[in-house]
Amino acid sequence: MRSQFLKLKKQLRRSFTDAELEVVRTAYRVAGEAHHGQTRLSGEPYIMHSLSVAQNLAALGLDPVTCAAGLLHDVLEDTSVTQAELQSQFGEEITLLVDGVTKISSFSFPDPNVTHEIKQAQNIRKMLVATAKDVRVILIKLADRLHNIRTLEYLRKDKRIRIARETLDIYAPMAHRLGISQWKWELEDHAFHHLRPDDYRAIARQVAMRRRTREAQLVEVIQFLEKRLAEAEVTAHVIGRPKHLYGIYQKMVQQGKDFHEVMDIQAIRIISQTEAGCYNALGAVHSLWTPIPGRLKDYIAMPKLNMYQAIHTTVMGDNARPLEIQIRSEEMDKTAREGIAAHWHYKEGEANKDKKLDTHLDWLRQMYGWLKDAHAPEELMDSMRRDFGMSHIYVFSPKGEVKELPPGATPLDFAYLIHSDVGHQCMGARVNGRMVPLRYHLQMGDVVEVLTSRNQTPHLDWVDIVVTGRARTRIRQRLRDLGMLPTVDDPVHHPDYEGDVPKTRPRSAPPRPIREVDEATRQNLVRIEGDKGLEVQFAKCCNPMPGHPLIGYITKKTGISVHRADCKSFAKSARDGDRIVEANWEGEGLFETTLHVEIGQRPNVLADLTNALRPTNIDILRAEYQVGEDGFGYFDFTIETSSHGAVNRIMRTLEAVTGVVAVAREKKKTEPSLNLAEAG
Ligand code: MN
């Protein structure tokens, strides 16, 4: 333990003074005491994990404050240390970092029905937004994951798979986004190892078998090239580029190549002292070998979003084998390996000059600048789309908040995405400053401003205008409340209703009776949209009781404060739209539930299920049907209802269908899905 701490200190001493290391010493002591007696599944004392995380951060050149936060990253979640104690002992900066890391762990990433790519983009964006104030939070989280995945073998198989999957889906792309290629590769290779052990071993074996011949060939190319570069008076050195196992596997799968084809391509990197040297080197390379058309990419002139800079080219090498060449300066090389962290390094002699880290880096500023700039989001969006193959569009609120919608979405969909009431009261919309019809199809990057009026109510034709299930069910619900559509529970009395205009006349919604209840009942009856898993507190200022329309607000101190929707002091204090959440009483409003149905295979079973559901008049938001390896059918679908009773009725209806083996409701995660307590 002690020796690991000494190693950490040694890493940091290269760039920092003893005085600056004081905070690391204190953090080590506090974390050591807090985790005392806890062990990892590997049998190691828990503090070894904290130390490894701090070492990962130090290796990336991060400062003592970040390393101290790394040592403390699990104390809020896993020990009795409180936020207040951290605050008094370490101050604001470290507390915010540790708290941020703890919060990421508690994100849940629901919505299992969207495609893999969208989910990935969503999660990355969520993480970016949540940590916008200080990107070091993500760096600590990544350092944490790096150590966890290195020690994954101690976990149960299902947990290993989940964590490995999540690493490939979220953390490796995040490392890539931040430009930290050395972490990205390591995360990917470990995850690959656990997810596809056979493929991993096969590739590793073949790589090992060919290593010697490969290296010999590379040395030849490298020496030849270095000589020619020297002749051309370019100061540079040439290195062979290691191939990462997961990278090889990806090429094999994505490009349909076999192992030998992938390995046949030699890859080298030229690192020159200066930027000008890069272009000179390129000239030298292209005069030695024939460049393959279409393969020259100048990321120096056009850096990637993650700050990556280099020139890439592929040439036809000797004995007609393609040779991939990356050319970059030493500085670019550092950025390529360490990404965003490279820009935090203290340069020699500057160690004492600027103690405070600039947490709002250019890269992040650029990113958020893009998000806010009405004219340039296409660039960011295109790049995100390229990176993640997304099929959704992103639009912006006038304040620059990003909202995600399916293609074809209208301003009404946007309005309902913000809040049901914004949707209900939508009068019209301005897109990029111009009035548009409600049927307008939003485009990637549009800035959408919703115009509302308190006197507005949904129209019947809105149901056909919107494309999102969320907006549609909310409109229907409101129309039912207004008596403009038959109610869910009473469809039989409206045989005229099949999506056509009903014959009932509109009437205003009856006011709901207000009931005084005790605290426990009140807590039981309140429902937070999307169930954030946070503690709910009722605001004292307006003391909401069942029957009052509600609004929720995520407070700075963990929790959701629930006010009456018309609360005046709420209207004054709540300025951050991102923190407003919908809250409803049981039986009012709508919430989503996902049901899993297991069915024995037989003809028409899906048709029978849908028929059984039809009289319930329930809105199905998403549905997915798969046949498992066991031959059973699995039907997962998400519905929106206003009460748990309705969900239970639907479950009983489905259970009665012949062939249905089991109906289960998706468990509300008491344990957040990203909680890595078991991994540390
Ligand atoms: Mn941890």
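Each reported figure results from applying straightforward, stated rules to the coordinates on display, with no laboratory input. All values reported here derive from a predicted model rather than from experimental measurement. Because the Cβ atoms are built from the backbone with ideal geometry, glycine has one as well, and the counts that use them run over all protein chains shown.
Ranking V238, A320, A284 by Cα position along the charge dipole of region 204-341, where only Lys, Arg, Asp and Glu carry charges on their C-beta atoms, puts A320 farthest toward the positive end. The modelled label-to-label distance for the pair T555/K297, using points 7 Å beyond Cα in the direction of Cβ, is 4.9 nm. Placing +1 on the Cβ of every Lys and Arg and -1 on the Cβ of every Asp and Glu, with nothing else charged, gives region 591-666 a dipole about its Cα centre of roughly 320 debye.
Loop-located GluC sites (Glu not before Pro) across region 1-50 with a Cβ neighbour count of 15 or fewer within 10 Å are lacking, with loop assigned by DSSP.
Most tightly packed first, judged by the mean number of other beta-carbon atoms within 10 Å of their residues, the peptides 183-196, 85-98 read 183-196, 85-98. With neighbours defined as other Cβ atoms within 10 Å of a residue's Cβ, the residues K304, K556, K227 order from fewest to most as K556, K227, K304.
Near E261: Cβ cut-off under 12 Å, other residues only, Lys/Arg at +1 and Asp/Glu at -1. The net charge is +1.
Region 143-182 and region 200-273 have Cα centres separated by 26 Å.
Can you put E516, E598 in order, fewest other beta carbons within 10 Å first? Don't jump to the answer; show the numbers that get you there.
Details: E516 10, E598 17.
Going from sparsest to densest Cβ surroundings: E516, E598.
Over region 2-203, what is the relative contact order in percent, taking alpha-carbon pairs closer than 8 angstrom and at least six residues apart?
Details: 212 pairs, mean separation 33.3, N = 202.
For region 2-203, the relative contact order is 16 percent.
In this structure, the pairs whose alpha-carbon distance is over 26 Å, taken from K243/K334; K7/K243; K141/K304; K257/K334; K103/K568, are K7/K243; K257/K334; K103/K568.
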